[in-house]
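The values are calculated or read from the model by the stated rules, or taken from the named source; none is laboratory data. Computed from a predicted structure; not experimentally measured. So basically every Cβ, Gly included, is an ideal-geometry build from the backbone, and we count neighbours across all protein chains shown.
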Amino acid sequence: PDYNELMQGRLEILNENNLLLSDIQEVIKGIAPLEGAKEFLSWLESEFQVIILSDTFNQFAGPLMAQLDYPTLFCHDLIIDETGKINDFQLRIPDAKTKAVKALQGLNLKVIAAGDSYNDTGMLKQAEAGILFRAPDNVIEEFPQFPLTKTYEEFKQTFIETAKNL
């Protein structure tokens, strides 16, 4: 799927329904991280250098990142007018996740990437090792080369084993 087409369609829906950034932020405030996510992230940060690469937007991420104690997050930006209407979006760069992994490798860092969706697969392929976490069946079937984890305990053990082999 084309990300620009997807986002333009979403922007049209927001406009048709007169939804403002504040409306969306109010909903986001009620969203909690997956059970176990905060503890897993805390463990991960104690063992590895962690950067979250996301296709979300800074204007959406704040409430959730606060619940996770503000991990390092690289994502995109929304273009908002003075009334709070979301007019457009600004990608940091196209294929930002894959390019971020390449940049980290350019600093002689070894990268273990994890993701759950099709738009993560470029990053997973670029990294020295990729791990799927709670991915949908179509991603699992199309990318069997990546180990699949479904629980945070499996995820943790896979990280440990993967790091040993790098």
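Scanning region 72-93 for residues that are touching a His at 6+ places or on another chain (Cβ under 8 Å) and either more than 14 Å from residue 54 (Cβ to Cβ) or not in a strand (DSSP E or B) (or both) yields a count of 3. Looking at region 108-124, I want the residues that are at negative phi and have a partner that is of a type outside the set (D, E, K, R) and part of a loop (DSSP other than H, G, I, E, B) with Cβ atoms under 7 Å, at least 6 apart or on another chain. Which pairs are those? From residues that are at negative phi, the pairs are 110/166; 111/127; 112/127; 113/127; 116/135; 117/135; 121/143; 124/146.
Among the residues of region 27-42, is any out of contact with any helix residue (DSSP H, G or I) (no Cβ under 9 Å at 6 or more places or on another chain), over 22 Å from residue 92 (Cα atoms) and not assigned by TED's automatic domain parsing to the domain that holds residue 83? Taking every residue of region 27-42 in turn, at least one turns out to be out of contact with any helix residue (DSSP H, G or I) (no Cβ under 9 Å at 6 or more places or on another chain), over 22 Å from residue 92 (Cα atoms) and not assigned by TED's automatic domain parsing to the domain that holds residue 83. All conditions but one from (1) part of a helix (DSSP H, G or I); (2) crowded, with 20+ Cβ neighbours inside 10 Å apply to residue 132; the one that does not is (1).
In the set (1) in contact with a Lys or Arg (Cβ under 8 Å, 6 or more places away or on another chain); (2) surrounded by fewer than 12 Cβ atoms within 10 Å (Cβ to Cβ); (3) not basic (Lys, Arg), the condition left unmet by residue 107 is number (1). For region 135-166, what are the residues that are part of a loop (DSSP other than H, G, I, E, B) and either within 23 Å of residue 55 (Cα to Cα) or without any contact (Cβ under 8 Å) to a residue 24 or more places away in the chain (or both)? Hits for region 135-166 are 135, 136, 143, 144, 145, 146, 147, 150, 151.
Take the conditions (1) modelled with pLDDT under 95; (2) in a helix (DSSP H, G or I); residue 55 misses just one of them, which is (2).
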